[in-house]
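Report on one structure; see the data block that follows.
A short reminder: the numbers here are calculations on the coordinates, not readings from a lab. What you are looking at is a predicted structure, and each value in this text was computed from that prediction instead of being measured. When we count neighbours, we look across all protein chains shown, and the Cβ atoms used for this are built from the backbone with ideal geometry, even at glycine.
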Amino acid sequence: MPTIKHQGQRVAVLIDVQNLYHSAKNLYGARVNFREVLKLAVSERNLIRAFAYVVRTKTGEEKPFFEAITKLGIETRVRDLQEFFGGLKKADWDVGITVDAIRISTSVDIIVLASGDGDFLQLIDYLKNQGKRVEVIAFGKSASSKLKESADEFIDLEGNPAKYLLKKEG
């Protein structure tokens, strides 16, 4: 049964770009249509702020993507890719997303988390205990089952891949 979404509800959208990017690439060999994901997240409610958590590489190849995201009205939070001896690369946004979610939660009714990362379970529990509604948007096959269960609503992007994916890479 779909949940009723009221137009007056104030919404914040937090997009874990790496999580959605890798899910779309691994499951479909495609890219995410962030315009449609944002529309789905807002669902004609009152968008207060939308953040996309992105990673900058040394080559700068992602710059056009960052510009496209900004044109959609999504604020980018940028972190440099860390490269460690031995080739390990890391750019973890979990703490940054958590801090922003807690910070903005006082100004909104709903937090929409676009990520399937199970590391956000404690955040969801905290926000719900603060009286916030938490909706999670992700690809069901790659999303944490506990994350799906703990959210007030889980929205599976796999329900309409043609809408939420862009042409295949390659």
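Under the definition of Cα pairs under 8 Å and six or more residues apart, what whole-number percent is the relative contact order of the range 97-170?
Computed over the range 97-170, the figure is 28 percent.
Given an 8 Å cut-off on Cα distances and at least 6 residues of separation, report the relative contact order of the range 1-131 as a percent.
34 percent
Show me the chymotrypsin sites (Phe, Trp or Tyr not before Pro) within the range 48-138 that DSSP assigns to loop and that have at most 13 other Cβ atoms within 10 Å of their Cβ. Intermediate values should be presented prior to the final figure.
Working: sites: Phe51, Tyr53, Phe65, Phe66, Phe84, Phe85, Trp93, Phe120, Tyr126; in loops: Phe84, Phe85, Trp93.
Here the chymotrypsin sites (Phe, Trp or Tyr not before Pro) that fit, given the DSSP loop and packing criteria, are Phe84, Phe85.
Would you mind calculating the gained length between Lys58 and Arg103 on full extension (0.36 nm times residue separation, minus the Cα-Cα distance), in nm to one decimal?
Result for the pair: 13.2 nm of gain on full extension.
May I have the convex hull volume per residue, in Å³, for the Cα set of the chain? Display every interim value, and only then the final one.
Details: hull volume 21.2 nm³, N = 170.
Convex hull volume per residue, Cα atoms: 125 Å³.
Quick one: which residues, 5+ away or cross-chain, put their amide H under 5 Å from the amide H of Val13? H built at 1.01 Å from N.
Excluding prolines and chain starts, which carry no amide H, the hits are Arg49, Ala50, Phe51, Val112.
Scanning the chain for helices, which whole DSSP H stretches are 30 Å or more long along the axis (Cα) and average 0.5 or more by Kyte-Doolittle?
none
Taking the range 1-101, how many lysine pairs are there with alpha carbons less than 22 Å apart, if each pair must be eight or more places apart or span two chains?
Summing the qualifying lysine pairs gives 12.
Give the value in nm², to one decimal: projected area of the alpha carbon convex hull of the range 69-170, averaged over all directions.
8.8 nm²
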